């Protein structure tokens with residue numbers, strides 16, 4: 001009986017994995033130099049492009065992972081939230097992914113990323129490091145615009161307090177501390 005229950009749980013997962021084999025996988029691109037070594041970009045969030053009716057963007061907006069704003073373990077979860085919010089033009093929620101110190105606003109994000117056709121934001125696998133009660137996550141980032149603007153490449157840095165006594169809830173959650181990108 002246990003075998004049948006286990007098999008019933010495994011078969012859908014195998015079918016899902018096999019269906020993914022037919023999809024076109026994102027191509028890794030070389031990115032900026034991080035810590036003295038070239039880094040390969042892997043897409044943290046592959047976001048579908050919207051068709052003329054906007055159905056992909058609508059579905060993505062409905063599924064935006066708001067719990068990522070309280071994430072303390074996985075910095076990539078916050079990055080997926082941020083890149084998805086940028087892709088659909090949800091500037092207000094994208095700004096919430098930034099630390100309060102960064103003073104990021106929805107208006108600033110719209111000025112940087114808005115325009116004809118949403119940007120494709122790819123974030124590579126990053127490295128975690130610690131310093132003076134904080135944990136940092138630095139990853140390569142590539143931003144491609146559909147409206148002819150030059151692509152941008154660089155790094156994105158997330159920070160959180162490392163369970164320091166007196167740290168606020170906001171400080172204990174992963175937040176974007178800064179980005180540095182250059183046109184290519």
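The values are calculated or read from the model by the stated rules, or taken from the named source; none is laboratory data. Just so it is clear, the model here is predicted, and its values are computed rather than measured. In this analysis, Cβ positions are derived from the backbone assuming ideal geometry, glycine residues included, and neighbour counts consider all displayed protein chains.
Any residue in region 100-113 that is more than 19 Å from residue 146 (Cα to Cα) sitting within a Cβ distance under 6 Å of a residue that is modelled with pLDDT of 95 or more? List the pairs, counting only those 6 or more apart or interchain.
Pairs that qualify, where the first residue is more than 19 Å from residue 146 (Cα to Cα) and the partner is modelled with pLDDT of 95 or more, are 104/95; 104/98; 105/95; 106/91; 106/92; 106/95.
Are any residues in region 142-161 under 20 Å from residue 76 (Cβ atoms) and exposed (fewer than 15 other Cβ atoms within 10 Å of the Cβ), and if so, which ones?
none
Among the residues of region 123-133, write down those that are part of a strand (DSSP E or B) and at pLDDT 95 or above.
123, 127, 128, 129
Yes/no per residue for (1) at pLDDT below 95; (2) closer than 16 Å to residue 70 by Cα; (3) in contact with a helix residue (DSSP H, G or I) (Cβ under 6 Å, 6 or more places away or on another chain); (4) part of a strand (DSSP E or B):
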| residue | (1), (2), (3), (4) |
| --- | --- |
| 93 | no, yes, yes, no |
| 140 | no, no, no, yes |
| 147 | yes, no, no, no |
| 154 | no, no, no, yes |
| 165 | yes, no, no, no |
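I'm trying to understand the selection: among the residues of region 167-184, which are assigned to a loop (DSSP other than H, G, I, E, B) and either surrounded by 15 or more Cβ atoms within 10 Å (Cβ to Cβ) or touching a strand residue (DSSP E or B) at 6+ places or on another chain (Cβ under 6 Å) (or both)?
Hits for region 167-184 are 167, 173, 174, 184.
Looking only at region 122-147, count how many residues are over 28 Å from residue 168 (Cβ atoms) and touching a strand residue (DSSP E or B) at 6+ places or on another chain (Cβ under 6 Å).
Going through region 122-147 one residue at a time, the tally reaches 6.
Would you point out the residue of region 71-91, among those that are more than 26 Å from residue 111 (Cβ to Cβ) and in contact with a helix residue (DSSP H, G or I) (Cβ under 9 Å, 6 or more places away or on another chain), that is surrounded by the most Cβ atoms within 10 Å (Cβ to Cβ)?
The qualifying residue surrounded by the most Cβ atoms within 10 Å (Cβ to Cβ) is 71.
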